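Structure record follows, encoded as structure tokens.
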Amino acid sequence: MAHGPLPGAGDSGPVVQEKYHTGRVVRMAIVAALGGFLFGCGSAVVNGTVDALKAKFDIGGAIGFVVAIALLGSAVGAWFAGTLANKYGRRRVMVIAAVLFLIAAIGQAFPLGVADLMFWRFIGGAGIGIASVIAPMYIAEIAPAQLRGRLGSLQQLAIVLGIFTTAVTNYLILNAASAGKPETSANNTWIFGLEAWQWMFLVMIIPALVYGLLALTIPESPRYLVSIGKDEEAAAVLATVLDGDQHAKVREIEASLSGDHKPRFSDLKGAALGLRPIVWIGIGLSVFQQFVGINVIFYYSNSIWASVGFDESQAFLITLITNTTNVVITLVAISLVDRLGRKPLLLIGSAGMAVTLGVMAFLFGTAQKCTEALVDVQAGCAGADSIGTPYLTGAAGPMAVVAANLYVVFFGVSWGPVVWVLLGEMFPNRIRAAALAVAAAAQWVANFIVSVSFPGMSSIGLGFAYGVFAVFAVLSFLFVVKFIRETKGMSLEDMQEA
């Protein structure tokens with residue numbers, strides 16, 4: 001397969017206008033995007049159970065790794081998702097992801113001990129990793145060119161809806177189990193004598209069942225069907241989505257898949273440090289999406305709110321507001337991605353994140369520190385554990401809150417949804433499954449690295465931590481300028497030279 005130069009600024013392929021059946025293709029995309037809902041649920045559910053698990057199993061300082069091991073499971077799941085998708089098809093792999101998530105929900109609700117809990121979190125993570133690959137892959141392969149960006153963004157919308165829904169269910173379960181009891185705790189027993197944290201995990205069975213059952217109702221990807229020689233079935237599936245000569249479209253797909261062997265990881269090999277340039281670009285997108293700090297920026301959100309006078313009882317409301325903002329901004333991104341394009345949104349997001357993270361780095365880096373004399377006197381200095389941590393006074397407090405929320409806005413309108421869109425569509429047909437698996441695995445590994453390194457960075461100082469993320473936001477801007485080309489309106493078959 002021919003290779004052109006690395007895509008750069010302003011590059012764009014031919015724009016394709018395809019006539020499509022909106023209702024059918026949107027339904028298929030929504031079902032596939034439910035994998036993102038599992039993603040959001042799985043990443044958020046543990047937040048409501050951490051303190052209860054520490055008390056139940058006396059985990060102590062190891063709780064961070066118990067939580068983060070799911071990310072390693074996700075990396076493994078993502079790595080093998082491409083091979084599974086090429087061997088068994090996209091739809092069957094969706095069902096596999098749902099089954100793994102379902103049994104992990106049950107296993108995490110009834111662990112025999114810490115090791116058992118870690119095993120089930122790893123299994124659940126594998127299911128999430130598989131879903132994170134298969135959803136953008138399937139959506140890109142069934143979506144008309146002019147709708148692909150909006151439909152691909154459904155993955156991110158499903159993720160933030162999963163996080164939001166889980167935050168709500170955790171809160172409702174916690175309060176229901178604590179009603180009439182002296183202490184609000186996820187260790188309180190509820191229905192059937194099970195503790196609240198167990199029900200938080202068990203609720204995850206519902207989205208797993210819905211995802212798995214609905215996956216059986218959608219057709220297989222036409223590009224997968226062509227790859228295994230089922231051209232007539234592929235044409236029939238295309239006819240449910242597009243108007244026109246479907247057999248001509250099948251021949252176009254066949255040409256893009258031309259070769260004398262089935263797709264495999266060795267197809268990714270190239271001259272650029274052992275991989276094709278386009279694969280490195282996909283890895284770069286994944287790594288930068290995590291290295292700007294989105295999954296740990298909220299670790300200290302409660303400290304921010306406390307430092308400007310919010311009490312602990314208001315933290316849930318603030319979290320809901322932030323999650324709601326995430327959902328709304330993702331809807332905005334969906335409306336823009338096929339109009340403005342992928343590259344402009346990424347550039348806007350990188351610039352906005354660099355500025356807002358820079359503001360937070362400056363505010364926390366120059367803030368006064370809590371001392372023994374200020375404990376329980378100064379807002380943000382509650383308890384001996386706060387000694388040495390920064391607190392904000394005057395205008396600095398509101399500025400930090402605004403900057404943190406604007407950071408979420410800039411990420412949510414750009415790097416959150418657009419990376420998933422690009423990973424689903426940017427690779428040539430022949431290597432899509434394997435390349436997307438590698439890129440998604442890199443994303444989960446990057447997520448793990450940031451998650452386990454953040455406590456060390458924050459111990460140096462929150463200003464330092466936010467400063468590091470700001471530097472990566474700047475680097476992400478330069479990366480997009482140099483390596484990302486615009487794919488708005490291109491058909492997947494037109495991307496073969498990338």
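Scanning region 205-219 for residues that are part of a loop (DSSP other than H, G, I, E, B), open to solvent by 10 Å² or more (accessible area, probe 1.4 Å) and aliphatic (A, V, I, L, M) turns up just one, LEU216.
The requirement of being open to solvent by less than 10 Å² (accessible area, probe 1.4 Å), out of contact with any strand residue (DSSP E or B) (no Cβ under 7 Å at 6 or more places or on another chain) and either within 25 Å of ALA234 (Cβ to Cβ) or among the hydroxyl-bearing types (Ser, Thr, Tyr) (or both) is fulfilled nowhere in region 102-117; no residue meets it.
Only residues that are assigned to a helix (DSSP H, G or I) and open to solvent by 50 Å² or more (accessible area, probe 1.4 Å) were counted in region 164-192, giving 7.
Filtered by the rule that a residue be buried (at least 24 other Cβ atoms within 10 Å of the Cβ) and small (Gly, Ala, Ser), region 386-400 gives a lone residue, ALA400. Among the residues of region 87-120, those that are assigned to a helix (DSSP H, G or I) and either touching an Asp or Glu at 6+ places or on another chain (Cβ under 6 Å) or closer than 20 Å to MET28 by Cβ (or both) comprise TYR88, ARG90, ARG91, ARG92, VAL93, MET94, VAL95, ILE96, ALA97, ALA98.
For region 121-142, the criterion of being assigned to a helix (DSSP H, G or I) and over 23 Å from GLY82 (Cα atoms) is satisfied by no residue at all.
The set of residues in region 263-307 that are among the aliphatic types (A, V, I, L, M), at pLDDT below 70 and surrounded by fewer than 19 Cβ atoms within 10 Å (Cβ to Cβ) comprises ALA271, ALA272.
For region 454-484, residues that are touching a Lys or Arg at 6+ places or on another chain (Cβ under 7 Å) and not in a helix (DSSP H, G or I) total 1.
Just the residues that are assigned to a loop (DSSP other than H, G, I, E, B), open to solvent by 10 Å² or more (accessible area, probe 1.4 Å) and more than 15 Å from GLY282 (Cα to Cα), please, taken from region 401-453. Talk me through it step by step, then tell me what you get.
At the first step, the residues of region 401-453 found to be assigned to a loop (DSSP other than H, G, I, E, B) are 413-414, 426-428.
The next check asks that each one be open to solvent by 10 Å² or more (accessible area, probe 1.4 Å); those that pass are 413, 426.
Within region 401-453, just VAL413 meets the criteria.
In region 220-233, of all residues being open to solvent by 40 Å² or more (accessible area, probe 1.4 Å) and at negative phi, the one that is nearest to the chain's Cα centre (by Cα) corresponds to SER227. Does PHE469 count as more than 29 Å from ARG91 (Cα to Cα), at pLDDT 85 or above and surrounded by fewer than 21 Cβ atoms within 10 Å (Cβ to Cβ)? No: the conditions fail for PHE469.
Checking each residue in region 93-135 for being in contact (Cβ under 8 Å) with a residue 60 or more places away in the chain and charged (D, E, K, R) picks out only ARG121. Any residue in region 29-49 that is touching a strand residue (DSSP E or B) at 6+ places or on another chain (Cβ under 9 Å) and in contact (Cβ under 8 Å) with a residue 24 or more places away in the chain? No: region 29-49 contains no residue that is touching a strand residue (DSSP E or B) at 6+ places or on another chain (Cβ under 9 Å) and in contact (Cβ under 8 Å) with a residue 24 or more places away in the chain. Report whether or not GLY456 is surrounded by fewer than 23 Cβ atoms within 10 Å (Cβ to Cβ) and at positive phi. For GLY456, the condition - surrounded by fewer than 23 Cβ atoms within 10 Å (Cβ to Cβ) and at positive phi - is not met.
Among the residues of region 331-369, those that are buried (at least 18 other Cβ atoms within 10 Å of the Cβ), modelled with pLDDT under 90 and among the β-branched types (Val, Ile, Thr) comprise ILE334, VAL337.
Checked against (1) open to solvent by less than 50 Å² (accessible area, probe 1.4 Å); (2) over 25 Å from the mean Cα position of the chain (by Cα); (3) at pLDDT 90 or above; (4) farther than 21 Å from THR165 by Cβ, ALA196 meets all criteria but (4). Within this structure, GLY61 fails the test of being surrounded by 17 or more Cβ atoms within 10 Å (Cβ to Cβ) and either at pLDDT below 95 or part of a helix (DSSP H, G or I) (or both).
From (1) in contact with a helix residue (DSSP H, G or I) (Cβ under 7 Å, 6 or more places away or on another chain); (2) free of Cβ contacts under 8 Å to residues at least 60 places away in the same chain; (3) part of a helix (DSSP H, G or I), pick out the condition that doesn't hold for ALA68. Condition not satisfied by ALA68: (2).
The values are calculated or read from the model by the stated rules, or taken from the named source; none is laboratory data. Treat the numbers as computed from the prediction; the structure is a model and nothing was measured. Please note: Cβ atoms are built from the backbone with ideal geometry, for glycine as well, and neighbour counts cover all protein chains shown. The accessibility values were calculated without ligands, DNA or RNA, using every heavy atom of the protein model including side chains. Shrake-Rupley method; radii C 1.70, N 1.55, O 1.52, S 1.80 Å.
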